[in-house]
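Where a number appears in this text, it was derived from the coordinates with a stated rule and is not lab data. Predicted, not measured: the structure shown is a model, and the values here were computed from it. Neighbour counts run over all protein chains shown; Cβ positions are idealised from the backbone, glycine included.
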Amino acid sequence: MKQEIINLIKKVVGDVDFLVEVSDNPAHGDYYTNVALILAKQVGKNPREVAEDIKSIISAQGGPASSWKVEVAGPGFINFFVADKVFIDNLKKIDRNFGKNNQLKGKKVVIDYTDPNPFKDFHIGHLVNNSVGESLSRLFEFSGAKVKRVCYQGDVGVHVAKAIWGKLQKPELVWGQAYAFGAKKFEEDGGAKTEIIALNKVIYERSDKKINKLYDQGKKESLKHFNIIYKKLGTKFDEFIFESQTGVIGKEIVLENIGKVFEKGENGAIIFKGEKFGLHTRVFINSEGLPTYEAKDLGLAKLKYQKYKYDKSVVVTGNEVNDYFKVMLCALEQFSPDLAKRTKHIGHGMLRLPEGKMSSRTGNVITGESLIDKVQELIKEKNQDEKISETISIGAIKYSVLKQSIGSDIIYDFDKSISFEGDSGPYLQYAYARAGSVLKKAQSEKIKPSFIKIPQISGQLEKKFFHFPEIVLKASESFEPHFLVLYLTELAGEFNSYYAKNKIVDNEDEYSSYKVALTKAFLEIMRNGLWLLGIETLEKM
């Protein structure tokens, strides 16, 4: 409907930038546009007069225009009141596929997210990254794309050397602790730093059997542990790519483009002079002759394209590396503009916990599991079932992450995140479970959903259903799941209000079958919406 209104207005005014939005106030219609205010500035006329002219032309047209009433309001806004029949017809279409669109049909999208490094902990940043990446993956799939989920992990580099050095010093430590110990010594002890740098080269060259064995053991244990977490979070990756693969490719790319894109810097390092493009200089091959993260990311872009021939590559990271990605993509653009154009970087905000609420076992890293466990502990005060409490806790965390605009930092509020009363994952899960129990009751009383008897005036709930496909498309195109979070929260509020005011299952009510149909429609949209957020539904709570 929104697109129909946009298309109709464009036929009248031509190529003008304007907004068509859903009205917050029912008195102002179902949609409104500011096109008259925009156009009035260009033609030098009174906005109200321009709005009346546009209204007259639109009202005189047939086709979609017969589905709404048009009014002019305020200084020149045009409001559209959609006919009840449109909302009722829409209700009949709501099923498991409701909300899907073909915006990305035939497109191949590779999305790279989560990316925990072997030998290190899976920290809360990875939890945020996974929540964002998984939701975007599902939004793209809902828009018709063929999606490949990629997890890119650093299995070589100084962090590995720090972890293995730490393990050699203290074999009793688990890998996350060994890394923390090695990282601390690297900063504080010059001798340890020298040893770790030397060890890093040995790991790259695979030149020491004892080190190789320790390395293989650590990598295997880390990946096995990560897979347990992925399963818990509802993510299944299509491909695991490692820096040991991309480093070779990236180094080759850099060496091939010395003099054209890259140049020699101090101590034999190979650099990209970002200042030429308003950015900053970064090293792509270090003085040891080893590829840096920058070179590996170039190799990753090439490797992913070789594997998937993607139309779009979406890379999800924390926003602390936004400037890094600008330089890396700028370098990529110089020798492979097509790949650079196909690549979209999404930098999400950081998750911060209230000071004193939690501490990690390493003292400086809060793990993803520790956050899930903490939230689950709180949930268990309301529901002792292990599986249900875990599902609610993960839903609570994902909601808290996704309700923010992607680039914004998140201050995690434990009490608010587990509330069953609005603006939380459990609130949405509970609304879904409530609707499911109503349908079970209707089934037991043999009341089937039906549109034979329909009330004369459709309420806000029917209208809210109508906007779900528009919200899905908006969230997908803008790479912003928070639009969907806001919509589902408002929808749950509308349903709960409807539930409080109406006895839905009532054999003596001539509209009971219609009310049951409304409940079924709500259930379908909530199921689809929660799936898009990566939040698991529950039959009971």
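The table below lists the values:
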| quantity | calculated |
| --- | --- |
| Among Val50, Ile5, Val72 - extreme Cα towards positive end, dipole of segment 2-82, charges at beta-carbon | Val50 |
| Ordering of 402-410, 175-183 by packing [mean C-beta count within 10 Å, highest first] | 175-183, 402-410 |
| Leu223 versus Ser287: modelled label distance in nm, points set 7 Å from Cα along the beta carbon direction | 3.4 nm |
| For the chain, share of DSSP beta bridges that run antiparallel, in % to the nearest 5 | 45 percent |
| Virtual spin-label span in nm between Glu71 and Lys146, 7 Å along Cα→Cβ | 5.0 nm |
| Whole-Hz ³J(HN,Hα) from phi, Karplus 6.51 cos²θ - 1.76 cosθ + 1.60, for segment 86-99, glycine and proline x | 4, 5, 5, 4, 5, 4, 5, 8, 6, 8, 4, 9, 5, x |
| Local electrostatic count, Glu477, Cβ distance below 13 Å [Lys/Arg +1, Asp/Glu -1] | +3 |
| Other-chain or far-sequence residues with amide H under 5 Å of Ile285's (modelled H) | Ile270, Thr292 |
| Unit charges on C-beta of K, R, D, E only; dipole of segment 2-82, Debye | 160 debye |
| Answer label, with Rg/Rh (Cα atoms, Kirkwood Rh) calculated from the coordinates and candidates (1) 1.08; (2) 0.98; (3) 1.04 | (3) |
| Segment 408-532 - charge dipole about Cα centre, Lys and Arg +1 at Cβ, Asp and Glu -1, debye rounded to 20 | 640 debye |
| Cα-based helix-to-principal-axis angle, 2-13 vs the chain, degrees rounded to 10 | 80 degrees |
| Segment 334-475 shape via C-alpha gyration tensor axes, a/c threshold 1.5 | oblate |
| Degrees separating the helix 386-402 axis from the principal Cα axis of the chain, which is the longest one | 90 degrees |
| R0 of 30 Å, Cβ-Cβ distance Lys213-Asp409: FRET efficiency to nearest 0.05 | 0.10 |
| Residues whose placed amide H lies under 5 Å from that of Gln153, excluding near-sequence neighbours | Ile241, Phe242, Glu243 |
| Leading residue at positive end of dipole, the chain (Cβ point charges), from Gly106, Phe226, Thr489 | Gly106 |
| Integer Hz, Karplus 6.51/-1.76/1.60 couplings in order for segment 262-270, x for Gly and Pro | 10, 9, 7, x, 6, 6, x, 6, 9 |
| Cα gyration tensor category, rounded, prolate or oblate, for segment 397-513 with a/c compared to 1.5 | prolate |
| Length added when fully stretched, Ala198-Lys231, from 0.36 nm per residue minus Cα-Cα | 8.2 nm |
| Pairwise label distance in nanometres, Asn322 with Ser419, each label 7 Å out on the Cα-Cβ vector | 2.9 nm |
| Derived scalar couplings ³J(HN,Hα) [segment 29-45; Karplus, 6.51 cos²θ - 1.76 cosθ + 1.60; whole Hz; x for Gly, Pro] | x, 9, 9, 9, 9, 9, 4, 5, 5, 5, 5, 4, 5, 6, 9, x, 10 |
| Cβ crowding within 10 Å averaged over residues, with 295-302, 247-254 ranked highest first | 295-302, 247-254 |
| Degrees separating the helix 482-501 axis from the principal Cα axis of the chain, which is the longest one | 40 degrees |
| Cβ charges +1 (Lys, Arg) and -1 (Asp, Glu), total dipole of the chain, debye | 1380 debye |
| Net length gained if the chain between Asp15 and Gln42 were fully extended (0.36 nm per residue, minus Cα distance) | 8.5 nm |
| Calculated [θ] (222 nm, deg cm²/dmol) that DSSP helices of n ≥ 4 give over the chain, each run adding -39,500 (n - 2.57) | -17500 deg cm²/dmol |
| Extension gain (nm, one decimal) between Lys105 and Ser478, 0.36 nm per residue minus Cα-Cα | 132.6 nm |
